[in-house]
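Working notes, beginning with the structure itself.
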Amino acid sequence: MSLIKVCEVTKTYKGGDGVVEALKAINLEIAEGEFLALMGPSGSGKSTLLSVLGGLNPPTSGKLIIDDIDVYALAPERLADFRHEYVGFVFQQYQLIPYLTALENVMLPLAITSRPGKEQQEMAHTVLEKVGLGSKALRLPNQLSGGEQNRVAIARAIVNKPAIIFADEPTGSLDSKTATELLELFQVLNRDGLTIIMVTHNKENLAWVSRAVYIRDGILAPAPQES
Ligand code: ADP
Ligand code: ADP
């Protein structure tokens, strides 16, 4: 059974220069445990689709079903609960808070839970160890390398044990060695059962994923021909 079902999803933005149809009747099913790459040219609708899939951006029409839940039929409060329970984001614009340690940054998503502080710390420490930063938990972001900061962001995204991780161009600003380390980490997490959906421009990243989906002008398209 599919974990995620996108049914006839359309997204229209209205702006100063008219109406943009960012997504046009998209249908897509994603199974639990997939590591999916979402590819396509700039402006093709990748970020819009990712935000719709993550419960952040209601479609103009159509449905998103995750684990049998009609996500956008949920009341706003339940939708927020749903996001906290099911999804984690590794978005470039979602950077670490500079005056908090790595551990405190990772604890942020736990703050709204009713778990005791001690348990929150232990959970955050466990995921920092998982991403190889157990010994650097008390450092501030500017005392960590770019790749390490990235791993802190991943630790923060997975600390709630979400079923799905959404990553928007996670290797975009990384050198190739750091990018490879990040993809290796994703692969380990994916083998542990996490479903990962990653927007990427980089064809080299395709070696790591279980499937690639292409989008063009808001329509899912077949893989482009090599030229
Ligand atoms: P990609 O991630 O592939 O670059 P986007 O999903 O960001 O594509 O954008 C798809 C189309 O929707 C583009 O034409 C873009 O200009 C438009 N768009 C995206 N977000 C908005 C918004 N908030 N308001 C108006 N238009 C938008
Ligand atoms: P909160 O209830 O703590 O304000 P939300 O329910 O708004 O959080 O968001 C749930 C998750 O989605 C959070 O982990 C947050 O990091 C992420 N998130 C919310 N809005 C955005 C956004 N515009 N871009 C990227 N991630 C977001």
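The values are calculated or read from the model by the stated rules, or taken from the named source; none is laboratory data. None of these values were measured; they are calculated from a predicted model. We place every Cβ from the backbone using ideal geometry, glycine too, and count neighbours over all the protein chains shown.
Does Ala124 satisfy the condition of being of a type outside the set (Lys, Arg), farther than 14 Å from Leu38 by Cβ and buried (at least 20 other Cβ atoms within 10 Å of the Cβ)? Yes, satisfied. Going by the structure shown, is Gln187 touching a Pro at 6+ places or on another chain (Cβ under 7 Å) and in a helix (DSSP H, G or I)? It is false that Gln187 is touching a Pro at 6+ places or on another chain (Cβ under 7 Å) and in a helix (DSSP H, G or I). Taking the criterion of being in contact (Cβ under 8 Å) with a residue 60 or more places away in the chain, more than 21 Å from Pro162 (Cβ to Cβ) and out of contact with any strand residue (DSSP E or B) (no Cβ under 9 Å at 6 or more places or on another chain), the only residue of the stretch 180-227 that qualifies is Arg216.
Do the conditions hold for Leu56, that is, is it crowded, with 17+ Cβ neighbours inside 10 Å, touching a residue at least 24 places away in the same chain (Cβ under 8 Å) and either among the hydrophobic types (A, V, I, L, M, F, W, C) or assigned to a loop (DSSP other than H, G, I, E, B) (or both)? When the stated conditions are applied, Leu56 does not pass them. Kindly evaluate Tyr99 against the criterion of being part of a helix (DSSP H, G or I) and either within 16 Å of ligand 1 (Cβ to nearest atom) or among the hydroxyl-bearing types (Ser, Thr, Tyr) (or both). In short, no.
When you look at Asp192, is it surrounded by fewer than 19 Cβ atoms within 10 Å (Cβ to Cβ), farther than 26 Å from Asp81 by Cα and away from ligand 2 (no atom under 16 Å from the Cβ), yes or no? Here the answer is no, as Asp192 does not meet what is asked.
You will find that of Glu85, Glu122, the residue that is under 17 Å from Ile165 (Cα atoms), acidic (Asp, Glu) and assigned to a helix (DSSP H, G or I) is Glu85 and no other. Mind checking whether some residue in the stretch 29-47 is in contact with a Lys or Arg (Cβ under 7 Å, 6 or more places away or on another chain), within 16 Å of ligand 2 (Cβ to nearest atom) and not in a strand (DSSP E or B)? Scanning the stretch 29-47 turns up no residue that is in contact with a Lys or Arg (Cβ under 7 Å, 6 or more places away or on another chain), within 16 Å of ligand 2 (Cβ to nearest atom) and not in a strand (DSSP E or B). Quick one: in the stretch 87-104, of everything that is at pLDDT 80 or above and within 10 Å of ligand 2 (Cβ to nearest atom), which residue is nearest to Val71 (Cα to Cα)? Per the criteria, the residue is Val87.
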